[in-house]
Amino acid sequence: MSGTPLGIPAVPPPTVLPTWKRAWDAALYGPDGFFRQQAPAAHFRTSAHVSPLFAAALVGMTREAGLDTLVDIGAGRGELLAAVHALDPALDLLGVEVAPRPAGLHPAVAWTSALPESVEGLVVANEWLDDLPCHVVEVDGEGTPRVVHIDARSGREELGRPLDHPSVPGSLVAWAERWWPLDGAAPGTRAEVGSTRDAAWADVVGRVTRGVAVAVDYGHTRETRPLLGSLRSYRDGREVEVLPDGSRDVTAHVAVDALAHRVGGTLHRQRQVLREHGVTGSRPDAALARTEPGAYAAALATATRAAGLTAEGGLGDFWWVVSRRS
Ligand SMILES: C[S@@+](CC[C@H](N)C(=O)[O-])C[C@H]1O[C@@H](n2cnc3c(N)ncnc32)[C@H](O)[C@@H]1O
């Protein structure tokens, strides 16, 4: 490591740019943040938008566990809860969302911006954690991992404090060392430090007094961490340049093994969970097309959507982190 004449390690002057985490937070959740203005479904498609079969699987899990309440964290515009209500109107439903209650949502669905104190029921968060800002770290030319800062307007990045600097929070350092270590990594290698996601989900799971907590998201495990990180932006249904400027979504995959470890959860692929709940994507018998063309067309549409929810390389690869409390 390079040093000063006194032998004190040289520390770069602090950059005036915000950290990635801070810029990301302002871009999505500041007063004019993306999610305060924009409906997720206008910009990207989640399992909740693809088919009511996703809702049906969650209803099945809720009832199988003997529960009669379902809480959706990061509920978007209530699409999942509306589908759940249509399938099982006797369930008590609550949406937790920073955006206001959507117009037209069935009055039986409760809506709030604050996490409930306690829950006896099934809590689901579909594609919530990937949108929770986290610190980004990059290895510099000398092999030192440093916190990345960004100019939200231009996208210009600067490297700030080294991870071993006393001002860098211990929780960040400990998470990176354990779950996404960068020792010996080539310059430019990056990590997205999932400690904020783990803490947020642990907070939710800690409120479940009896029931099931399910975090559903795209993610990676220690064996599959992306070398350059996984930051992405979406707007109007397309992937666009990554920029925390409030005009687009900013997301990064979730380190699901760290998350499962933190909350004592088990890891499953979405295709596996949905197949266990009868979502197969099998095509209807072609003979039905001749005898009942309308029924055949409907069954084919359902099968197509089921295939979308369970597809390899698509939504089927999503991870479900399932925690049970009895
Ligand atoms: C990617 S969208 C997913 C929406 C929905 N779950 C779906 O599957 O279509 C993430 C949602 O989480 C919401 N959100 C993010 N942080 C939140 C928080 N702390 N409390 C409540 N909602 C939050 C955002 O406003 C956004 O609507």
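The values are calculated or read from the model by the stated rules, or taken from the named source; none is laboratory data. Note that this is a predicted model, so its numbers are computed, not measured. Every residue, glycine among them, receives a Cβ derived from its backbone with ideal geometry; neighbour counts consider all protein chains shown. The protein model used for the area step is the full one, side chains on, heavy atoms only, and it has no ligands, DNA or RNA in it. Shrake-Rupley method; radii C 1.70, N 1.55, O 1.52, S 1.80 Å.
Accessible surface comparison of Asp285, Asp130, probe 1.4 Å, protein chains only, largest first: the order is Asp285, Asp130.
Projecting label points 7 angstrom from Cα along Cα→Cβ for Ala199 and Glu64 puts them 3.4 nm apart. Once the C-beta distance of Val16 and Ser171 is scaled by a Förster radius of 25 Å, the resulting FRET efficiency is 0.55 to the nearest 0.05. Which shape class, rounded, prolate or oblate, goes with the stretch 103-166 when its Cα gyration tensor gives a ≥ b ≥ c as root eigenvalues, a/c under 1.5 marks rounded, and past that a/b bigger than b/c marks prolate? Cα axes put the stretch 103-166 in the prolate bin. In plain terms, the bigger the Kirkwood radius, the slower the diffusion; for the stretch 206-267, with that radius from Cα pairs, at 20 °C and 1.002 mPa s, Stokes-Einstein puts D at 155 µm²/s.
For the stretch 123-210, the fraction of alpha-carbon pairs lying more than 20 Å apart is 42 percent, rounded to a whole number.
Look at the dipole of the chain built from charges on Cβ: of Ala103, Ala307, Leu81, the Cα furthest out on the positive end belongs to Ala307. The largest accessible area among Leu309, Leu94 belongs to the first residue in Leu94, Leu309, and the rest follow in falling order (1.4 Å probe, all chains). Counted by Cβ distance under 12 Å from Tyr218, the other residues give a net charge of -3, where Lys and Arg count +1 and Asp and Glu count -1.
Across all C-alpha atoms in the stretch 61-149, the radius of gyration and Dmax reach 18.1, 61 Å.
Remark on the stretch 129-265: ratio of C-alpha radius of gyration to 2.2 N^0.38 Å is 1.09.
Split the chain at each of the GluC sites (Glu not before Pro) in a DSSP loop with at most 12 other beta carbon atoms within 10 Å, and the longest piece is 1-116. So what does log10 I(q)/I(0) come out to for the stretch 281-325 at q = 0.19, 0.24, 0.32 Å⁻¹, using the Debye formula with one equal point on every Cα and no solvent? Listed by q, the Debye log ratios stand at -0.64, -0.78, -1.02. For the chain, the Kirkwood hydrodynamic radius comes to 21.3 Å, computed from all pairs of different C-alpha atoms.
Each Lys or Arg adds one and each Asp or Glu takes one away; over the other residues whose Cβ falls under 13 Å from the Cβ of Val147, this sums to -1.
Extent of the stretch 185-326 along its three principal axes (Cα atoms, max minus min coordinate, largest first): 62, 44, 30 Å. Against the chain, whose longest principal axis is taken from its Cα atoms, helix 52-64 shows a tilt of about 90°.
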